[in-house]
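Contents: one structure, followed by commentary.
The values are calculated or read from the model by the stated rules, or taken from the named source; none is laboratory data. All of these numbers come straight from a predicted model, not from anything done at the bench. Here Cβ is always computed from backbone atoms with ideal geometry, including for glycine, and neighbour counts include all displayed protein chains.
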Amino acid sequence: MAKELLNLDSGTTCTSWNYSATRLAAGSLDGTLSIFDSRDPSSSSLRSTFKSRVHEGNIVKIVWVPPEYGDAVACVFADGILSLFEEVAEDSQPLQWKICKSFGNSSNKVLDVQFGISSASLKMVAAYSDGNVRVFELSNPLELRNWQLQAEFQNVIESVSAFGKALCLSASISWNPQKGGSQEASFLIGFNSNTSELNSSKVWEFDQAHQRWLPVAELALPEDKGDQVYAVAWAPNIGRSYEIIAVATQKGLAIWHLGSNPDHNGRLPVERVALLSGHEGVVWQMEWDMSGMTLATTGQDGMVRLWQSNLNGVWHQQAAFEPTS
Amino acid sequence: MPSDAVGNGALVPFSGDPPALYPLHHGLAPPISRLAISWSRGNSLRLSLFAGAGAKVVEVKLDGEDPEISDAHRRRIAYGSVAPFALLQSRRSSLSALSRSPSPYHSDWWEHVLQYSKEIASLLGGPKLSPTPIIKDPNTIVKTGEEPTSLKAAWELMEIFYVDKESQAWLPERLVDWLADYDCLFTSTLETIHSKLVDFQKELVNIQVIEEDPKYWELLSSALSVGWLDIVVKMLRLHGSYQLDQLSNRELENGLVEAVAIFISKMPRLCPESAAAKVGECFESKPDFIKAWEKWRSQVTKLDCSPFWIQCDNQRTREGLRNLLQIMLGNTESLSLATCNWIELYISHFLFIRPFTIGIESMHNLAQKCIQLKPPSSTHRLAGLMIGILGESTEVVLAECSREFGPWLAAHAIELFTAGSEQAEILLHDDRYNLGGISIVELHRLVYAQVLSSHALTWQIAPIYLTSCMKQGMGLLENLLYRQSVQPNDVLLKNIEICRLYELDHISSNIIKIAGVHHWKHGRKGAGVFWLQQAQDASRLDRIAQQLFDSVGKSISHESFKQWEGMIELLGSESKPAGGLDFLYKYRDFKKSLQQVSGRKSADAARQAVGSLILLMKNSSTPQRFWLPLLYDSLKLLNWQDCPLLSVSETNLLLNKLQELSLAKLRPHHTEPSLPPDALSSIRLALATNLGRAILDE
């Protein structure tokens, strides 16, 4: 059932596939970035095409930039720095990976980063350890060097009284994966922090008229709002009238429906349709398949689990994979 | 997990089956410290496992396909079923257009479905095994040849019940044939008559006196109970009393054996004439069959009561033959002993106890009774399918198809269910909120398309199934196409072609854009510009034009001109210039004519160059920062010795541009072109001189 694709060096800490699953980026404890490429799209054998130590320290996360902007990755390092690397051939030099930009510093770490395309421009959302969310905009679609800070805000939906200094362990961002269309760009973010107001997952939508990001939904029941969020994932929508979003907290894996018609406050209707138990403890990652019908999750229990809804709309665990040597 | 804290019953209890647990063998030294997941196309999931001493990337295909079918055969089935599927869909849509009814239910709709069903069935395996054993070797009782597949057995079973309306009258007889073809498949989970026969066949060579072997008689009754008459007759003729040297001593015994064999070969069957190859006497009409059956039974009864049995001194032969008569007379106990599992018992009931059974409800009750009599230790997938069909539950049948045989069967068999039932049509074609607004039919097609999408050799046929899905097919197709790699080129062209076919312009422009950026960034500037033009990506082309200006605009040396002239050539003259590229074309024309002027000093060439210059300066897409370098390049034209080349109005246009430039200097972000310090004044002087001469001329 499982086919081996690649063996990686010891010390590898993270991997990430590009949009077409033909290129794999891998990061290591010592800050080495490696790229592996399929020989052709129909074969699954991979060969190493780049390997270099790009940073002093561990790479904790790699995210590919949307392919409309080239072959590029964002690396989040353990020291909180975020760097963008791009594969380019400049001025008749051979093809090589080059650093184009860095963000963050060790006192205010970047925890997560995700890219989205809105109004035909590339946006990068970064979550910082002080609880701030920054949205950067790429000014030139052919250059990954120049980013403008478009917005900076905290992940709060109600105007709240000031809270103490936030300390965030992790954050999870997921863009609405819709492509094109008239819908405004939106993304989802949740924190795992000591500040309960920041934690719950909120949907942020760009308000074109006023050129600002607005929170349009909060995906937490009133009694669960302070729960630390481990991971969020926005499902691809191939034709449903509502959106499906998965949110993992210490209470379990929640599946939410998000409606499209806002109320008089501009808030979108939300409904939690399932709360599932499976992974004991922290959920590391959640990924929807391209139809938005199957959710794959992995977490601290070391398992990979698959979740689906049955004909009656009841969500359940469909299968689980247990690594064994 | 503190489930109490959740309250209000929102926590979903795992009511159904527990999730399937699969081991993931990785060969790394434990412990696994971290896992990463990523979906590829379709339902292929890529996992990275990180351990202290290394990491591994594996791919898991979650297709749940039938393990009996090899990958190559599965692909043949996938490709072969496209045409029948597409034909049926087009017939469905033309029929519903004709009748203006949403349902294609039509008196002869089932005939189209039957044709579809036959075509699909032919993909699933070779022709059925011949029911007559090979005659050449008298010792061959059962033929063991190519193993039939459960997939084909399942398909035929559904065809029998749902599609083939003409043979509904002899449904039980078709089930007898079905079991004869596929009894061997049940061997994996159940004891079967087929497997016993195969075992006996192996022992046959070592048996001296066959009629003394209890197994011989046991198997005769078993084969008879499920109607394998040809095998029974053949086996009876292996009886020792037929041997020439024994015939005289065992005349009576042989007469009894032969009498039973004749009765068996004359057994009336309710089946079409076309099935005449069958052992037994076929009757197409039910009244004829009933008459013949009753006559046959009375003759069997007569033989059973015959006084000859007392005279037969071979006890085994006597008991064995009389047991065969009991089976023919429908003795429940004998049938139960003769059959190995409930399905065989079920078939034997049709043959010998209720040969006139009709109606699915009574067939269902009978099946329930047989299951009670011979409860199976585990349910074979074909048995599960049969129970679902007899229970008249389309949902159960579909669930069995999908769970036990995989998405291919579910997506294709669904067509069979609607062949004659409007109720099934409604059930399967109605959109459901719980499924996100799609019908069950669409759901199964989407699931199957996902399976196709995850293989490099089959994703190309996924669009055919996706476009038959009214609600969400196109959405999934878009996601599938977006996730295709843009290289190599033939894959890109294939993707663009699919987009064109299904009018997915925004997806193709996106794919082309990705290709353009990829080429541009990878040093293939010409290909990059070509694809970006195809994508009509004005914003990126403008940026590229800017970059070209930056690299070529400053200098007018011949070297750099050559460098970027090739670039402009690559853009081609046919492709629609976008934004700043329009300027580059004109700039190239101007530069060319300017070069000719310096070469030949001809007035015609100079006039042409002036024309190009005026065009450039009039054009709004010419960037302002180029105005001064352009004028500076044209000094020779402005100072033309023989005559003024620019008219008064043309000179005024250029002077106005100079005026605009001096205003622009006051704005922020203004960049001075790198020209000699006296450039501006020499242009002014030349323009003024030209103006004066032009006024005089006019």
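Okay, here's what the table says:
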| item | result |
| --- | --- |
| Residues being out of contact with any Phe, Trp or Tyr (no Cβ under 7 Å at 6 or more places or on another chain) and among the hydrophobic types (A, V, I, L, M, F, W, C) - total across the range A:101-126 | 5 |
| Qualifying residue in the range B:339-360 (condition: within 17 Å of B:K266 (Cβ to Cβ) and either charged (D, E, K, R) or touching a Ser or Thr at 6+ places or on another chain (Cβ under 6 Å) (or both)) | no |
| The range B:455-506, residues that are of a type outside the set (A, V, I, L, M, F, W, C), over 22 Å from B:R76 (Cα atoms) and in a loop (DSSP other than H, G, I, E, B) | B:K471, B:Q472, B:R483, B:Q484, B:S485, B:Q487, B:P488, B:Y502, B:E503 |
| Criterion (more than 13 Å from chain B (Cβ to nearest Cβ) and at pLDDT below 95) met by exactly one of A:S119, A:S52, A:S106 | A:S106 |
| Any hit, the range A:17-28, residues being of a type outside the set (S, T, Y), surrounded by fewer than 19 Cβ atoms within 10 Å (Cβ to Cβ) and not in a strand (DSSP E or B) | no |
| Every pair of residues 6+ apart whose Cβ atoms lie under 6 Å, when the first sits in the range A:68-89 and is more than 30 Å from B:H506 (Cβ to Cβ) while the second is among the aromatic types (F, W, Y) | A:L82/A:F103 |
| Top-ranked residue in the range B:397-428 [being under 20 Å from B:E111 (Cα atoms), in contact with a helix residue (DSSP H, G or I) (Cβ under 7 Å, 6 or more places away or on another chain) and not hydrophobic (A, V, I, L, M, F, W, C); ranked as farthest from the other protein chains (Cβ to nearest Cβ)] | B:G420 |
| Residue list for the range B:43-64, restricted to those being more than 7 Å from chain A (Cβ to nearest Cβ) and at positive phi | B:G64 |
| Pair list, Cβ < 6 Å and 6+ apart or interchain, from the range A:132-150 residues that are more than 24 Å from B:Q547 (Cβ to Cβ) to residues that are surrounded by fewer than 19 Cβ atoms within 10 Å (Cβ to Cβ) and of a type in the set (F, W, Y) | A:V133/A:F153 |
| Residue list for the range A:20-41, filter: over 23 Å from A:F77 (Cβ atoms) and either of a type in the set (D, E) or within 7 Å of chain B (Cβ to nearest Cβ) (or both) | A:S20, A:A21, A:T22, A:D37, A:D40, A:P41 |
| Within the range B:464-478, considering residues that are surrounded by fewer than 20 Cβ atoms within 10 Å (Cβ to Cβ) and more than 15 Å from the chain's Cα centre (by Cα), the one nearest to the other protein chains (Cβ to nearest Cβ) | B:K471 |
| Subset of the range B:269-326 (residues that are of a type outside the set (A, V, I, L, M, F, W, C) and assigned to a strand (DSSP E or B)) | B:R269, B:E281 |
| Any hit, the range B:86-95, residues being within 9 Å of another protein chain (Cβ to nearest Cβ), surrounded by 19 or more Cβ atoms within 10 Å (Cβ to Cβ) and at pLDDT below 95 | no |
| Among the residues listed as A:S161, A:S139, the single one being within 14 Å of another protein chain (Cβ to nearest Cβ), at pLDDT below 95 and over 21 Å from the mean Cα position of the chain (by Cα) | A:S139 |
| Complete set of residues in the range A:57-88 that are among the small types (G, A, S), surrounded by 20 or more Cβ atoms within 10 Å (Cβ to Cβ) and more than 13 Å from the chain's Cα centre (by Cα) | A:G70, A:A72, A:S83 |
| Check on A:S44, part of a loop (DSSP other than H, G, I, E, B), in contact with a Ser or Thr (Cβ under 8 Å, 6 or more places away or on another chain) and facing chain B (nearest Cβ under 10 Å) | yes |
| Contacts under 7 angstrom Cβ, first residue in the range B:378-390 being farther than 15 Å from B:A410 by Cα and touching a residue at least 24 places away in the same chain (Cβ under 8 Å), partner assigned to a loop (DSSP other than H, G, I, E, B) and of a type in the set (G, A, S), 6 or more apart | none |
| Count of residues meeting criterion [among the β-branched types (V, I, T) and away from every other protein chain (no Cβ under 11 Å)] in the range A:234-248 | 2 |
| Subset of the range A:308-322 that is within 7 Å of chain B (Cβ to nearest Cβ) and part of a strand (DSSP E or B) - its residue that is nearest to B:S402 (Cα to Cα) | A:Q318 |
| Residues located in the range B:439-463, provided they are away from chain A (no Cβ under 11 Å), over 8 Å from the mean Cα position of the chain (by Cα) and β-branched (V, I, T) | B:V441 |
| Any hit, the range A:242-260, residues being in contact with a Gly (Cβ under 6 Å, 6 or more places away or on another chain), over 30 Å from B:P18 (Cβ atoms) and crowded, with 18+ Cβ neighbours inside 10 Å | no |
| Selected residue (criterion: surrounded by the fewest Cβ atoms within 10 Å (Cβ to Cβ)) from residues of the range B:479-491 that are within 21 Å of the chain's Cα centre (by Cα) and free of Cβ contacts under 8 Å to residues at least 40 places away in the same chain | B:V491 |
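One line per residue, one yes/no per condition, for (1) at pLDDT below 90; (2) assigned to a helix (DSSP H, G or I); (3) away from chain A (no Cβ under 11 Å):
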position	(1), (2), (3)
B:S508	no, yes, yes
B:W520	no, yes, no
B:W531	no, yes, yes
B:D542	yes, yes, no
B:L548	yes, yes, yes
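Residue-by-condition table, conditions (1) touching a residue at least 40 places away in the same chain (Cβ under 8 Å); (2) more than 9 Å from chain B (Cβ to nearest Cβ):
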{"position": "A:S260", "(1), (2)": "no, yes"}
{"position": "A:E271", "(1), (2)": "no, yes"}
{"position": "A:L275", "(1), (2)": "no, no"}
{"position": "A:H279", "(1), (2)": "no, yes"}
{"position": "A:V282", "(1), (2)": "yes, yes"}
{"position": "A:S291", "(1), (2)": "yes, no"}
{"position": "A:M303", "(1), (2)": "no, no"}
{"position": "A:L306", "(1), (2)": "no, no"}
